[in-house]
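Written out below as C-alpha coordinates is the structure these notes cover.
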Amino acid sequence: MMKTLGIETSCDETSASVTEGKRVLSCVISSSVEMHKKYGGVVPEIASRYHVEYIVEVVDRALRASKKRLGDIALISVTNGPGLVGALLTGISFAKALSLARQKPIIGVNHVLAHLYSAFLDESISPRFPFVGLVVSGGHTALFFCEEMGRQKVLGQTLDDAVGEAFDKVAKTLGLGYPGGPAIEARAARARKKGSVRFPKTNVGKDSLDFSFSGLKTAVLYYVRDRQASVQRKSVKSRAHYLTSEEINDICYAFQENAIDALIEKTFDAVRRYGAREVVVGGGVAINARLREKFRAAAVFRGGVTIHFPLPRHCLDNAAMVGFLGEEMYRQGKRSDVYLSAEPNLEVL
Ligand code: KG4
Ligand code: ZN
(Lines give C-alpha, C1' and ligand atoms only; values in the text may rest on other atoms or scores of the structure.)
(Ligands and ions follow the chains in the order given, each with its own letter.)
Protein backbone atom coordinates (compact mmCIF):
# COMPACT_ATOMS: atom_id res chain seq x y z
CA MET A 1 0.00 0.00 0.00
CA MET A 2 1.31 3.45 -0.87
CA LYS A 3 1.68 6.05 1.85
CA THR A 4 0.83 9.69 1.34
CA LEU A 5 2.07 12.69 3.24
CA GLY A 6 -0.77 15.21 3.46
CA ILE A 7 -0.20 18.92 4.12
CA GLU A 8 -2.88 21.50 4.91
CA THR A 9 -2.24 25.21 5.57
CA SER A 10 -5.17 26.99 3.90
CA CYS A 11 -6.38 28.90 6.97
CA ASP A 12 -5.37 28.81 10.64
CA GLU A 13 -4.54 25.12 11.08
CA THR A 14 -1.07 23.81 10.28
CA SER A 15 -1.66 20.12 9.67
CA ALA A 16 0.26 17.10 8.36
CA SER A 17 -0.74 13.47 8.08
CA VAL A 18 0.33 10.07 6.84
CA THR A 19 -2.46 8.13 5.17
CA GLU A 20 -2.70 4.81 3.40
CA GLY A 21 -5.83 4.92 1.31
CA LYS A 22 -8.61 5.75 3.76
CA ARG A 23 -6.56 4.63 6.75
CA VAL A 24 -5.18 7.51 8.76
CA LEU A 25 -1.84 6.46 10.26
CA SER A 26 -1.31 9.86 11.82
CA CYS A 27 -2.75 13.35 11.66
CA VAL A 28 -1.21 16.26 13.56
CA ILE A 29 -3.04 19.59 13.78
CA SER A 30 -1.54 22.71 15.29
CA SER A 31 -3.87 25.70 15.34
CA SER A 32 -3.14 29.40 15.65
CA VAL A 33 -6.79 30.01 16.69
CA GLU A 34 -5.77 31.34 20.11
CA MET A 35 -3.71 34.09 18.46
CA HIS A 36 -6.70 35.30 16.40
CA LYS A 37 -9.22 35.37 19.24
CA LYS A 38 -8.60 38.91 20.36
CA TYR A 39 -9.15 40.14 16.79
CA GLY A 40 -12.47 38.32 16.48
CA GLY A 41 -11.42 36.43 13.33
CA VAL A 42 -8.46 34.98 11.46
CA VAL A 43 -5.73 37.53 10.73
CA PRO A 44 -4.07 36.30 7.50
CA GLU A 45 -0.58 37.59 8.32
CA ILE A 46 -0.56 35.92 11.73
CA ALA A 47 -1.82 32.65 10.22
CA SER A 48 0.95 32.70 7.57
CA ARG A 49 3.71 33.36 10.07
CA TYR A 50 2.44 30.59 12.32
CA HIS A 51 2.54 28.11 9.42
CA VAL A 52 6.14 29.11 8.62
CA GLU A 53 7.12 28.62 12.24
CA TYR A 54 5.44 25.26 12.78
CA ILE A 55 5.29 23.42 9.46
CA VAL A 56 8.59 21.54 9.88
CA GLU A 57 7.73 20.40 13.38
CA VAL A 58 4.18 19.38 12.44
CA VAL A 59 5.36 17.27 9.47
CA ASP A 60 8.05 15.71 11.61
CA ARG A 61 5.54 14.84 14.33
CA ALA A 62 3.13 13.33 11.78
CA LEU A 63 5.89 11.09 10.41
CA ARG A 64 6.98 9.99 13.87
CA ALA A 65 3.42 9.32 15.05
CA SER A 66 2.86 7.08 12.00
CA LYS A 67 6.17 5.29 12.66
CA LYS A 68 7.14 5.96 9.06
CA ARG A 69 10.05 7.80 7.53
CA LEU A 70 10.19 10.15 4.63
CA GLY A 71 11.62 7.29 2.58
CA ASP A 72 8.34 5.36 3.04
CA ILE A 73 6.27 8.18 1.55
CA ALA A 74 5.20 7.67 -2.07
CA LEU A 75 3.25 10.90 -2.64
CA ILE A 76 3.02 14.42 -1.24
CA SER A 77 -0.49 15.86 -1.30
CA VAL A 78 -0.99 19.52 -0.46
CA THR A 79 -3.95 21.93 -0.37
CA ASN A 80 -3.46 24.54 -3.10
CA GLY A 81 -6.74 26.44 -2.72
CA PRO A 82 -9.12 27.94 -1.94
CA GLY A 83 -7.84 29.76 1.14
CA LEU A 84 -5.61 32.58 2.33
CA VAL A 85 -2.87 33.11 -0.21
CA GLY A 86 0.01 33.53 2.24
CA ALA A 87 -1.13 30.58 4.30
CA LEU A 88 -1.50 28.34 1.25
CA LEU A 89 1.92 29.38 -0.05
CA THR A 90 3.67 28.11 3.06
CA GLY A 91 2.33 24.57 2.69
CA ILE A 92 2.83 24.54 -1.07
CA SER A 93 6.41 25.84 -0.89
CA PHE A 94 7.26 23.30 1.77
CA ALA A 95 5.66 20.47 -0.20
CA LYS A 96 7.41 21.46 -3.42
CA ALA A 97 10.81 21.70 -1.71
CA LEU A 98 10.32 18.27 -0.19
CA SER A 99 9.15 16.86 -3.49
CA LEU A 100 12.23 18.20 -5.31
CA ALA A 101 14.71 17.24 -2.62
CA ARG A 102 13.39 13.70 -2.20
CA GLN A 103 12.21 13.10 -5.76
CA LYS A 104 8.62 12.42 -4.74
CA PRO A 105 5.52 13.10 -6.83
CA ILE A 106 3.34 15.97 -5.66
CA ILE A 107 -0.33 16.69 -6.13
CA GLY A 108 -2.37 19.83 -5.34
CA VAL A 109 -5.77 19.26 -3.75
CA ASN A 110 -8.86 21.46 -3.57
CA HIS A 111 -9.69 22.11 0.09
CA VAL A 112 -13.47 22.12 -0.42
CA LEU A 113 -13.37 18.76 -2.20
CA ALA A 114 -11.15 17.37 0.56
CA HIS A 115 -13.96 18.28 3.02
CA LEU A 116 -16.53 16.76 0.67
CA TYR A 117 -14.84 13.34 0.64
CA SER A 118 -13.67 13.34 4.26
CA ALA A 119 -16.51 11.00 5.31
CA PHE A 120 -14.58 8.17 3.63
CA LEU A 121 -11.73 8.45 6.11
CA ASP A 122 -11.22 5.69 8.64
CA GLU A 123 -14.91 4.73 8.37
CA SER A 124 -15.81 1.11 7.86
CA ILE A 125 -18.89 1.99 5.82
CA SER A 126 -17.88 4.20 2.90
CA PRO A 127 -20.57 6.26 1.18
CA ARG A 128 -21.78 4.76 -2.08
CA PHE A 129 -21.85 6.72 -5.31
CA PRO A 130 -23.77 8.53 -6.58
CA PHE A 131 -24.62 10.75 -3.63
CA VAL A 132 -25.59 14.30 -2.78
CA GLY A 133 -22.73 16.01 -0.92
CA LEU A 134 -22.88 19.10 1.25
CA VAL A 135 -19.85 21.06 2.45
CA VAL A 136 -20.48 23.38 5.38
CA SER A 137 -17.45 25.28 6.61
CA GLY A 138 -16.27 28.72 7.64
CA GLY A 139 -15.43 29.66 4.06
CA HIS A 140 -17.85 27.58 1.99
CA THR A 141 -21.35 26.26 1.75
CA ALA A 142 -21.85 24.15 -1.35
CA LEU A 143 -24.07 21.35 -2.56
CA PHE A 144 -22.80 18.69 -4.99
CA PHE A 145 -23.91 15.69 -6.95
CA CYS A 146 -21.03 13.24 -6.76
CA GLU A 147 -20.83 10.54 -9.41
CA GLU A 148 -17.48 9.11 -8.45
CA MET A 149 -14.49 10.11 -6.37
CA GLY A 150 -13.29 13.49 -7.66
CA ARG A 151 -16.07 13.73 -10.26
CA GLN A 152 -18.81 16.01 -9.02
CA LYS A 153 -21.15 18.71 -10.16
CA VAL A 154 -21.88 21.86 -8.13
CA LEU A 155 -25.64 22.14 -7.61
CA GLY A 156 -25.70 25.20 -5.42
CA GLN A 157 -23.56 27.51 -3.33
CA THR A 158 -24.06 30.31 -0.89
CA LEU A 159 -24.91 33.62 -2.49
CA ASP A 160 -23.32 35.54 0.39
CA ASP A 161 -21.98 34.27 3.74
CA ALA A 162 -20.89 30.69 4.35
CA VAL A 163 -22.90 29.04 7.11
CA GLY A 164 -19.86 28.77 9.43
CA GLU A 165 -19.18 32.44 8.79
CA ALA A 166 -22.76 33.22 9.87
CA PHE A 167 -22.18 31.25 13.10
CA ASP A 168 -19.01 33.27 13.66
CA LYS A 169 -20.63 36.65 12.95
CA VAL A 170 -23.71 35.97 15.06
CA ALA A 171 -21.45 34.90 17.92
CA LYS A 172 -19.60 38.18 17.57
CA THR A 173 -22.87 40.14 17.71
CA LEU A 174 -23.78 38.28 20.88
CA GLY A 175 -20.35 38.74 22.42
CA LEU A 176 -19.57 35.01 22.40
CA GLY A 177 -16.06 35.22 20.93
CA TYR A 178 -14.32 33.44 18.06
CA PRO A 179 -14.83 30.85 16.63
CA GLY A 180 -18.58 31.12 17.01
CA GLY A 181 -19.76 27.62 16.08
CA PRO A 182 -18.96 25.76 19.30
CA ALA A 183 -20.21 28.66 21.49
CA ILE A 184 -23.53 28.91 19.65
CA GLU A 185 -24.05 25.15 19.73
CA ALA A 186 -23.44 25.05 23.49
CA ARG A 187 -25.72 28.05 24.15
CA ALA A 188 -28.49 26.68 21.92
CA ALA A 189 -28.41 23.37 23.78
CA ARG A 190 -29.15 25.28 26.99
CA ALA A 191 -32.14 27.19 25.56
CA ARG A 192 -35.22 26.74 27.70
CA LYS A 193 -37.80 28.87 25.97
CA LYS A 194 -37.47 27.31 22.56
CA GLY A 195 -39.63 29.17 20.09
CA SER A 196 -39.65 32.39 22.12
CA VAL A 197 -37.39 33.96 19.48
CA ARG A 198 -37.94 33.36 15.77
CA PHE A 199 -36.18 34.62 12.68
CA PRO A 200 -37.79 34.72 9.25
CA LYS A 201 -37.03 31.94 6.84
CA THR A 202 -34.75 33.00 4.00
CA ASN A 203 -36.33 32.45 0.63
CA VAL A 204 -33.76 31.84 -2.09
CA GLY A 205 -36.36 30.64 -4.58
CA LYS A 206 -38.01 27.26 -4.90
CA ASP A 207 -36.12 26.25 -8.02
CA SER A 208 -32.72 27.26 -6.74
CA LEU A 209 -30.37 25.01 -4.78
CA ASP A 210 -28.34 27.98 -3.60
CA PHE A 211 -28.11 29.17 0.00
CA SER A 212 -28.09 32.57 1.66
CA PHE A 213 -27.22 33.33 5.28
CA SER A 214 -26.63 37.05 5.41
CA GLY A 215 -30.35 37.83 5.88
CA LEU A 216 -30.48 35.56 8.92
CA LYS A 217 -27.28 37.10 10.28
CA THR A 218 -28.76 40.59 9.86
CA ALA A 219 -32.05 39.52 11.45
CA VAL A 220 -30.10 38.52 14.57
CA LEU A 221 -28.28 41.85 14.54
CA TYR A 222 -31.55 43.80 14.27
CA TYR A 223 -33.14 41.75 17.02
CA VAL A 224 -30.26 42.59 19.32
CA ARG A 225 -30.42 46.29 18.35
CA ASP A 226 -34.15 46.43 19.01
CA ARG A 227 -33.63 44.93 22.42
CA GLN A 228 -30.90 47.46 23.05
CA ALA A 229 -33.23 50.33 22.13
CA SER A 230 -36.00 48.99 24.32
CA VAL A 231 -33.75 48.62 27.34
CA GLN A 232 -32.36 52.15 26.84
CA ARG A 233 -29.33 51.85 28.98
CA LYS A 234 -26.96 53.97 26.99
CA SER A 235 -23.95 53.65 29.25
CA VAL A 236 -23.47 49.93 28.69
CA LYS A 237 -20.73 49.30 26.14
CA SER A 238 -21.38 45.87 24.71
CA ARG A 239 -24.66 45.25 22.94
CA ALA A 240 -24.76 41.79 24.42
CA HIS A 241 -25.10 43.31 27.88
CA TYR A 242 -28.67 44.23 27.08
CA LEU A 243 -29.55 40.59 26.87
CA THR A 244 -29.90 38.14 29.67
CA SER A 245 -27.99 34.91 29.44
CA GLU A 246 -31.28 33.03 28.88
CA GLU A 247 -32.18 35.34 26.04
CA ILE A 248 -28.81 34.76 24.38
CA ASN A 249 -29.44 31.01 24.61
CA ASP A 250 -32.85 31.43 22.96
CA ILE A 251 -31.38 33.56 20.16
CA CYS A 252 -28.65 30.97 19.55
CA TYR A 253 -31.28 28.24 19.40
CA ALA A 254 -33.46 30.15 16.94
CA PHE A 255 -30.49 31.04 14.73
CA GLN A 256 -29.10 27.51 14.71
CA GLU A 257 -32.47 25.89 13.92
CA ASN A 258 -33.06 28.35 11.09
CA ALA A 259 -29.60 27.78 9.57
CA ILE A 260 -29.79 23.98 9.82
CA ASP A 261 -33.33 23.88 8.38
CA ALA A 262 -32.14 25.88 5.36
CA LEU A 263 -29.33 23.37 4.78
CA ILE A 264 -31.71 20.44 5.13
CA GLU A 265 -34.30 21.88 2.77
CA LYS A 266 -31.90 22.36 -0.15
CA THR A 267 -30.00 19.13 0.47
CA PHE A 268 -33.15 17.02 0.40
CA ASP A 269 -34.50 18.99 -2.57
CA ALA A 270 -31.35 17.84 -4.38
CA VAL A 271 -31.87 14.28 -3.16
CA ARG A 272 -35.35 14.29 -4.65
CA ARG A 273 -34.34 15.89 -7.92
CA TYR A 274 -31.40 13.56 -8.48
CA GLY A 275 -33.02 10.45 -7.07
CA ALA A 276 -30.05 9.98 -4.72
CA ARG A 277 -30.12 7.38 -1.95
CA GLU A 278 -27.17 8.70 0.05
CA VAL A 279 -26.18 12.06 1.52
CA VAL A 280 -22.68 13.00 2.67
CA VAL A 281 -21.99 16.10 4.78
CA GLY A 282 -18.52 17.49 5.51
CA GLY A 283 -16.71 20.59 6.81
CA GLY A 284 -16.31 22.34 10.16
CA VAL A 285 -20.01 22.94 10.77
CA ALA A 286 -20.70 19.20 10.28
CA ILE A 287 -19.24 18.64 13.75
CA ASN A 288 -22.41 20.25 15.17
CA ALA A 289 -24.44 17.62 17.04
CA ARG A 290 -27.79 19.34 16.47
CA LEU A 291 -27.09 19.48 12.72
CA ARG A 292 -26.33 15.74 12.73
CA GLU A 293 -29.48 14.96 14.69
CA LYS A 294 -31.70 16.99 12.38
CA PHE A 295 -30.14 15.62 9.18
CA ARG A 296 -30.54 12.06 10.47
CA ALA A 297 -34.18 12.69 11.32
CA ALA A 298 -34.78 14.24 7.88
CA ALA A 299 -33.16 11.23 6.21
CA VAL A 300 -35.47 8.81 8.02
CA PHE A 301 -38.47 11.00 7.31
CA ARG A 302 -37.66 11.05 3.60
CA GLY A 303 -37.82 7.36 2.98
CA GLY A 304 -34.67 6.02 4.54
CA VAL A 305 -31.97 7.98 2.75
CA THR A 306 -28.58 6.93 4.18
CA ILE A 307 -26.61 9.78 5.69
CA HIS A 308 -22.85 9.92 6.27
CA PHE A 309 -20.79 12.29 8.38
CA PRO A 310 -17.02 12.36 8.80
CA LEU A 311 -15.70 11.39 12.21
CA PRO A 312 -15.70 14.57 14.32
CA ARG A 313 -11.89 14.72 14.18
CA HIS A 314 -12.06 14.95 10.38
CA CYS A 315 -14.63 17.77 10.20
CA LEU A 316 -12.43 20.74 11.00
CA ASP A 317 -9.40 21.48 8.84
CA ASN A 318 -7.00 18.55 8.77
CA ALA A 319 -4.36 17.09 6.45
CA ALA A 320 -5.75 13.53 6.46
CA MET A 321 -8.60 14.52 4.14
CA VAL A 322 -6.07 16.16 1.82
CA GLY A 323 -3.81 13.09 1.80
CA PHE A 324 -6.74 10.78 1.10
CA LEU A 325 -8.17 12.75 -1.83
CA GLY A 326 -4.68 13.42 -3.25
CA GLU A 327 -3.96 9.69 -3.34
CA GLU A 328 -7.30 8.97 -5.02
CA MET A 329 -6.57 11.60 -7.69
CA TYR A 330 -3.04 10.28 -8.17
CA ARG A 331 -4.42 6.80 -8.76
CA GLN A 332 -6.65 8.32 -11.43
CA GLY A 333 -3.52 9.61 -13.15
CA LYS A 334 -3.61 13.22 -12.01
CA ARG A 335 -0.29 14.94 -11.20
CA SER A 336 1.03 18.37 -10.24
CA ASP A 337 4.59 19.64 -10.59
CA VAL A 338 6.98 22.35 -9.48
CA TYR A 339 4.69 24.99 -11.03
CA LEU A 340 1.92 24.21 -8.56
CA SER A 341 0.77 27.53 -7.14
CA ALA A 342 -1.56 28.89 -4.48
CA GLU A 343 -5.02 29.59 -5.85
CA PRO A 344 -6.92 31.56 -3.21
CA ASN A 345 -10.14 31.49 -5.23
CA LEU A 346 -9.80 27.99 -6.66
CA GLU A 347 -13.18 26.90 -8.00
CA VAL A 348 -14.61 23.45 -7.60
CA LEU A 349 -14.88 21.67 -10.93
O1 KG4 B 1 -13.86 23.49 7.87
P2 KG4 B 1 -13.37 24.50 8.81
O3 KG4 B 1 -12.42 24.07 9.89
O4 KG4 B 1 -12.62 25.67 8.06
C5 KG4 B 1 -12.97 26.14 6.79
O6 KG4 B 1 -12.62 25.51 5.78
O7 KG4 B 1 -13.63 27.20 6.79
O8 KG4 B 1 -14.65 25.22 9.46
C9 KG4 B 1 -14.56 26.20 10.41
C10 KG4 B 1 -15.98 26.69 10.70
C11 KG4 B 1 -16.02 27.95 11.56
O12 KG4 B 1 -16.87 28.89 10.94
C13 KG4 B 1 -16.60 27.47 12.88
O14 KG4 B 1 -17.38 28.43 13.57
C15 KG4 B 1 -17.45 26.30 12.43
O16 KG4 B 1 -16.70 25.67 11.43
N17 KG4 B 1 -17.74 25.38 13.54
C18 KG4 B 1 -18.99 25.08 13.96
C19 KG4 B 1 -18.81 24.25 15.09
N20 KG4 B 1 -17.48 24.06 15.29
C21 KG4 B 1 -16.84 24.76 14.33
N22 KG4 B 1 -20.19 25.46 13.52
C23 KG4 B 1 -21.26 25.01 14.18
N24 KG4 B 1 -21.20 24.22 15.28
C25 KG4 B 1 -20.00 23.82 15.76
N26 KG4 B 1 -19.93 23.05 16.85
ZN1 ZN C 1 -11.91 23.86 5.81
Checking the structure you have, find out if any residue of the range 120-135 is in the same structural domain as residue 205 (by TED's automatic domain parsing), within 11 Å of ligand 1 (Cβ to nearest atom) and touching a strand residue (DSSP E or B) at 6+ places or on another chain (Cβ under 8 Å).
yes
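Every residue, every condition in (1) modelled with pLDDT under 95; (2) among the charged types (D, E, K, R); (3) within 11 Å of ligand 1 (Cβ to nearest atom), yes or no:
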{"position": "155", "(1), (2), (3)": "no, no, no"}
{"position": "160", "(1), (2), (3)": "no, yes, no"}
{"position": "169", "(1), (2), (3)": "no, yes, yes"}
{"position": "194", "(1), (2), (3)": "yes, yes, no"}
{"position": "206", "(1), (2), (3)": "yes, yes, no"}
Taking the range 181-192, which residues are modelled with pLDDT of 95 or more and either charged (D, E, K, R) or buried (at least 19 other Cβ atoms within 10 Å of the Cβ) (or both)?
181, 183, 184, 185, 187, 188, 190, 191
Inside the range 175-186, can you point out the residues that are in a loop (DSSP other than H, G, I, E, B) and near ligand 1 (Cβ under 10 Å from one of its atoms)?
178, 179
Residue match in the range 285-298 (condition: open to solvent by 60 Å² or more (accessible area, probe 1.4 Å) and part of a loop (DSSP other than H, G, I, E, B)):
no
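Yes or no, residue by residue, for (1) away from ligand 2 (no atom under 16 Å from the Cβ); (2) farther than 18 Å from residue 258 by Cβ; (3) touching a His at 6+ places or on another chain (Cβ under 8 Å):
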site: 141; (1), (2), (3): no, no, no
site: 145; (1), (2), (3): yes, yes, no
site: 148; (1), (2), (3): yes, yes, no
site: 158; (1), (2), (3): no, no, yes
site: 163; (1), (2), (3): no, no, no
site: 169; (1), (2), (3): yes, no, no
site: 176; (1), (2), (3): yes, no, no
site: 186; (1), (2), (3): yes, no, no
site: 189; (1), (2), (3): yes, no, no
Please indicate, with yes or no, whether at least one residue in the range 322-330 is more than 25 Å from residue 203 (Cα to Cα), touching a residue at least 40 places away in the same chain (Cβ under 8 Å) and touching a Lys or Arg at 6+ places or on another chain (Cβ under 7 Å).
yes
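Taking the range 60-81 as the search range and keeping residues that are among the hydrophobic types (A, V, I, L, M, F, W, C) and open to solvent by 10 Å² or more (accessible area, probe 1.4 Å), which one is nearest to residue 348 (Cα to Cα)?
Within the range 60-81, the subset among the hydrophobic types (A, V, I, L, M, F, W, C) is 62-63, 65, 70, 73-76, 78.
Okay, now just the ones that are also open to solvent by 10 Å² or more (accessible area, probe 1.4 Å), so 63, 65, 70, 74.
Values: 63: 30, 65: 32, 70: 31, 74: 26 Å.
Once the filter is applied, the top-ranked residue is 74.
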For residue 347: the one exception among (1) closer than 23 Å to residue 178 by Cβ; (2) assigned to a loop (DSSP other than H, G, I, E, B):
(1)
Could you grab me the full set of residues in the range 253-278 that are within 18 Å of residue 120 (Cβ to Cβ) and either modelled with pLDDT under 95 or in contact with a helix residue (DSSP H, G or I) (Cβ under 6 Å, 6 or more places away or on another chain) (or both)?
none
Unique residue being more than 14 Å from ligand 2 (Cβ to nearest atom), open to solvent by 50 Å² or more (accessible area, probe 1.4 Å) and not acidic (Asp, Glu) when the list is 301, 324
301
When residues of the range 207-233 are filtered for being over 16 Å from residue 252 (Cα atoms), under 26 Å from the mean Cα position of the chain (by Cα) and of a type outside the set (A, V, I, L, M, F, W, C), how many remain?
4
Of all residues in the range 14-43, count the ones that are surrounded by fewer than 23 Cβ atoms within 10 Å (Cβ to Cβ) and within 25 Å of residue 181 (Cα to Cα).
15
I'd like the full set of residues that are more than 16 Å from residue 297 (Cβ to Cβ) and under 21 Å from the mean Cα position of the chain (by Cα), limited to the range 260-278.
266, 270, 278
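The values are calculated or read from the model by the stated rules, or taken from the named source; none is laboratory data. Because the structure is a prediction, the values reported are computed rather than measured. Reconstructed Cβ throughout: ideal geometry from the backbone, glycine too, with neighbour counts over all protein chains shown. Protein only, heavy atoms only, side chains kept; ligands, DNA and RNA dropped before computing areas. Shrake-Rupley method; radii C 1.70, N 1.55, O 1.52, S 1.80 Å.
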